[in-house]
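What follows is one structure encoded as structure tokens, with my remarks underneath.
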Amino acid sequence: LTGLLALADEFSAVYTLPGKSVRKHVLHTGRLSELFALCDGLLKKIDALALTERTSMPGFYAEYQRMRVITDSASRQWALQFTVLDEITGNPVEKAQVSARAKGGSELDKSVKVTGPSGVCYMSLDPGEYTYEVEFGGFGKQKGDFFINEGLRTDIEVKLKKNE
């Protein structure tokens with residue numbers, strides 16, 4: 001009987017081990033997702049701060065934008081950053097509507113975002129050729145084309161001109 005109990009204990013220890021391991025993995029994966037989200041939030045704040053120096057320190061801003069490249073396409077959350085500015089003042093335009101559509105794609109495939117307080121919005125798009133439209137009340141609509149490369153972030157700065 002003692003031998004059977006020992007075997008039963010051994011079996012229980014081995015049998016439940018993978019479950020504990022899986023649970024631990026799930027906990028760590030969940031925590032990792034939280035940490036990545038926290039880092040993404042910090043990077044967006046840093047991007048907004050760098051944008052404030054765009055006119056006073058153009059060399060710094062250009063170098064920051066050049067160095068701020070996402071190269072791990074498997075884990076990137078967005079491939080496109082739009083920055084919308086007032087053409088006259090250079091100030092960010094909050095709540096501008098930005099839409100992007102694959103060239104030759106239908107209106108149903110259009111991605112639409114709204115810029116935040118720093119005039120920036122992000123989109124996650126597959127590699128390919130796209131068209132964009134940016135509009136905001138009191139300003140003229142801007143249109144253009146861009147290309148998303150695999151593993152790289154595309155930055156587009158749009159300067160809106162006020163309607164006369």
Sort out which residues of the range 148-164 are part of a strand (DSSP E or B) and more than 15 Å from the chain's Cα centre (by Cα), and write them in order of number. E157, V158, K159, L160, K162
Scan the range 93-112 for residues that are assigned to a strand (DSSP E or B) and either modelled with pLDDT under 95 or within 12 Å of T131 (Cα to Cα) (or both) and jot them down. V98, S99, A100, R101, A102, S111, V112
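Which count do you get for residues in the range 43-61 that are assigned to a helix (DSSP H, G or I) and either over 17 Å from K159 (Cα atoms) or among the small types (G, A, S) (or both)? Outline the logic, then answer.
Step one: filter the range 43-61 for residues assigned to a helix (DSSP H, G or I), giving 43-52, 58-61.
From the residues that got through so far, the ones that are either over 17 Å from K159 (Cα atoms) or among the small types (G, A, S) (or both) too are 43-50, 59-60.
So the count comes out to 10.
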Of all residues in the range 62-89 being of a type in the set (S, T, N, Q) and assigned to a loop (DSSP other than H, G, I, E, B), which is modelled with the highest pLDDT? T89
Looking at the range 124-144, I want the residues that are closer than 20 Å to N163 by Cα and have a partner that is of a type in the set (V, I, T) and part of a loop (DSSP other than H, G, I, E, B) with Cβ atoms under 9 Å, at least 6 apart or on another chain. Which pairs are those? V134/V93; V134/T115; F136/V93; F136/T115; F139/V93
Hey, does the range 124-134 have a residue that's polar (S, T, N, Q), part of a loop (DSSP other than H, G, I, E, B) and modelled with pLDDT of 90 or more? no
Go through the range 117-155 and report how many residues are closer than 20 Å to K44 by Cα and either of a type in the set (F, W, Y) or in contact with a helix residue (DSSP H, G or I) (Cβ under 8 Å, 6 or more places away or on another chain) (or both). 6
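The values are calculated or read from the model by the stated rules, or taken from the named source; none is laboratory data. In this text, all values refer to a predicted model and were calculated from it rather than measured experimentally. Cβ: placed from backbone, ideal geometry, glycine included. Neighbour counts: every protein chain shown.
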